[in-house]
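J.: Before anything else, here's the structure in question.
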Amino acid sequence: MCGACGCQPSIGTGQSPQEGFRRVPNDMVLIERDILSKNDRFARENRARLSAAGIFAVNLISSPGSGKTTLLVETMKALKASVSLGVIEGDQQTSLDADRIRATGVSAVQINTGTGCHLDAHMVGHALDDLSLDNGSILFIENVGNLVCPASFDLGEARKVALLSVTEGDDKPLKYPDVFAAASLMVLTKVDLLPHVRFDTGDCIANARAINPNIEVLEVSAQSGAGMAEWTHWLTTSARRSAAEAELATHA
């Protein structure tokens, strides 16, 4: 059971499927709805705050080990000379990932969630207090490695990005549909390893688009540099588009 978000998995007893699992109680469903409702209020505050400050925020969601931090480190190196950047790092323990980001010269705030399996909007709001970002900045929120709960928690970001490494199954979008349904972009990472793994990129993309027909897809290797130009172009273009949308909304 997730101690932070209120989700409660069915509990197996080793019996038959009918006997071995019990449904989530109604009171647990109400608690989860209450948690999500409160989170959404904080997310709206974060979104308004970020929009007013001209900051484009990206929520990166993936399984552990997909290469989020390595991709971020290379992204910092590629963009820091031309764009103001900041990072919020989410992990259950340690500041190892934030330390890697800071080593590039970019500011990073570490959030340790303890037993929590995801970041929430309240945590992110407090982290924003510790970042000083210019108008036109890009803020990366690296969520806790998890393809389930982070999909349900709006952080106030402008875009969600789902990362999926080629060392995982190409059926992941079908197994964890909520993340891919909510994401604007799927980044296939570690594509330099494709010759060494059984991963069908065509099937994976088809699976993702069966869930979300509008999802964009990039194939990237932070190790070799393949696809990095397309990734940074997507970021800067999306940031400009988001700023234009915010401007139109202000004058609507």
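J.: Residues to consider are ASP120, ASP129, ASP134; find the one that is buried (at least 22 other Cβ atoms within 10 Å of the Cβ), within 26 Å of ARG240 (Cα to Cα) and acidic (Asp, Glu).
T.: Just a single option satisfies the conditions, and that option is ASP120.
J.: Whether any residue in the range 161-181 is within 26 Å of LEU128 (Cβ to Cβ), loosely packed, with under 13 Cβ neighbours inside 10 Å and of a type in the set (D, E, K, R) is what I want to check.
T.: The answer is no; no qualifying residue exists.
J.: State all residues of the range 129-154 that are out of contact with any Gly (no Cβ under 9 Å at 6 or more places or on another chain) and either farther than 21 Å from ASN112 by Cα or of a type outside the set (S, T, N, Q) (or both); if no residue qualifies, say none.
T.: ASP129, ASP130, LEU147, VAL148, ALA151, PHE153, ASP154
J.: Among the residues of the range 231-241, are any hydroxyl-bearing (Ser, Thr, Tyr), touching a Lys or Arg at 6+ places or on another chain (Cβ under 9 Å) and assigned to a helix (DSSP H, G or I)?
T.: Yes, the conditions are met somewhere in the range 231-241.
J.: OK, next. Kindly indicate the residue of the range 63-86 that is outside any loop (DSSP other than H, G, I, E, B) and more than 19 Å from ARG240 (Cα to Cα) and also nearest to the chain's Cα centre (by Cα) among those meeting that condition.
T.: Among them, the one singled out is LYS68.
J.: Test ALA246 against the criterion of being surrounded by fewer than 19 Cβ atoms within 10 Å (Cβ to Cβ), in a helix (DSSP H, G or I) and in contact (Cβ under 8 Å) with a residue 12 or more places away in the chain, and give yes or no.
T.: Spelling it out, ALA246 is indeed surrounded by fewer than 19 Cβ atoms within 10 Å (Cβ to Cβ), in a helix (DSSP H, G or I) and in contact (Cβ under 8 Å) with a residue 12 or more places away in the chain.
J.: Shifting gears a bit: Here are some conditions: (1) surrounded by 19 or more Cβ atoms within 10 Å (Cβ to Cβ); (2) within 17 Å of the chain's Cα centre (by Cα). VAL148 meets all but one. Which one does it not meet?
T.: Failed condition: (1).
J.: Same structure, new question: Is at least one residue of the range 69-87 more than 20 Å from THR237 (Cα to Cα), in contact with a strand residue (DSSP E or B) (Cβ under 7 Å, 6 or more places away or on another chain), of a type outside the set (Gly, Ala, Ser) and modelled with pLDDT of 95 or more?
T.: yes
J.: In the range 211-239, what residues are exposed (fewer than 12 other Cβ atoms within 10 Å of the Cβ) and over 15 Å from SER184 (Cα atoms)?
T.: The one that is exposed (fewer than 12 other Cβ atoms within 10 Å of the Cβ) and over 15 Å from SER184 (Cα atoms): ALA229.
Conditions (1) at pLDDT below 95; (2) under 19 Å from ALA48 (Cβ atoms); (3) of a type outside the set (Gly, Ala, Ser), marked per residue:
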| residue | (1), (2), (3) |
| --- | --- |
| GLY90 | no, no, no |
| GLY116 | yes, no, no |
| GLY125 | no, yes, no |
| LEU128 | no, yes, yes |
| LEU131 | no, yes, yes |
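J.: What are the residues in the range 200-223 that are part of a helix (DSSP H, G or I) and either at pLDDT below 95 or of a type in the set (Asp, Glu) (or both), if any?
T.: Within the range 200-223, ASP203 is the sole residue that qualifies.
J.: Could you please find all residues in the range 80-103 being buried (at least 18 other Cβ atoms within 10 Å of the Cβ) and of a type in the set (Ser, Thr, Tyr)?
T.: SER84
J.: So which of GLY156, GLY169 ends up being among the small types (Gly, Ala, Ser) and over 30 Å from GLY136 (Cα atoms)?
T.: GLY169
The values are calculated or read from the model by the stated rules, or taken from the named source; none is laboratory data. Bear in mind that the values here come from a model prediction, so they are computed numbers and not experimental data. Positions of Cβ are generated from backbone atoms using ideal geometry, with glycine treated the same way; all protein chains shown enter the neighbour counts.
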